[in-house]
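The values are calculated or read from the model by the stated rules, or taken from the named source; none is laboratory data. It should be emphasised that the depicted structure is a prediction, and the values quoted were computed from it without experimental measurement. Glycine also receives a Cβ, built like all others from the backbone with ideal geometry; neighbour counts cover every protein chain displayed. Just the protein is used for accessible areas: all its heavy atoms, side chains included, with ligands, DNA and RNA removed. Shrake-Rupley method; radii C 1.70, N 1.55, O 1.52, S 1.80 Å.
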Amino acid sequence: LLFVLLVILAGTTALGGLFLGTINVISMGFACILAGLAEDFGIVIYQESRSHPELDERALRRLTAPGVFWSAVTTAGAFLILNMSALPGLAQLGSLVAIGIVLAAVVMLYVYLPLMLRWRRASDLQGDTQERFLLFTPQRLWPASWIWGLTCAVVAVAVLAVAWKGVQFDRSPNVLKPRNS
């Protein structure tokens, strides 16, 4: 879960730099907000997988996707309203959280869910009431090669976005001043 959260934060920072240009220091607070919201998606998916150990990846995604996506859309919409703020830092923070929360929904459903199910114990399928998932067994620590490929692709896109447009930080006090006062 921590690895996936770091991928989401890095991807959001890269996309924010690509779409917004210079990222101000105030808006970097998005990381705390986004980590909490994205982690909630992971917990919901994990709990549903524990409640329904007989479901495969596709069925579990079908069960959890509507709630995760509607939550992401409504939360992103609420944060996009911050673009009406007179403070540029707050407006940019809202945009970054909105971008990140939509990215988090996709990553949790299509990267985290398969990884989590891959580490499922055999006892899960037998209806054992003990702890259903063991995420840190040495023989299962390395994910499948397609996960490495996907991770490398996300990192490559982030590096290309940063190299193409760059991520610049506005450290001036202007981000604390109203735009139209």
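Below, the figures for the structure above:
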quantity	calculated
Scan of segment 66-78 for residues that are touching a helix residue (DSSP H, G or I) at 6+ places or on another chain (Cβ under 6 Å) and aliphatic (A, V, I, L, M), ordered by number	68, 72, 76
Hits in segment 106-142 (condition: open to solvent by less than 60 Å² (accessible area, probe 1.4 Å), modelled with pLDDT of 55 or more and part of a loop (DSSP other than H, G, I, E, B))	119
Every pair of residues 6+ apart whose Cβ atoms lie under 6 Å, when the first sits in segment 20-41 and is of a type in the set (Gly, Ala, Ser) while the second is modelled with pLDDT of 80 or more and surrounded by fewer than 22 Cβ atoms within 10 Å (Cβ to Cβ)	31/9; 35/5; 38/5
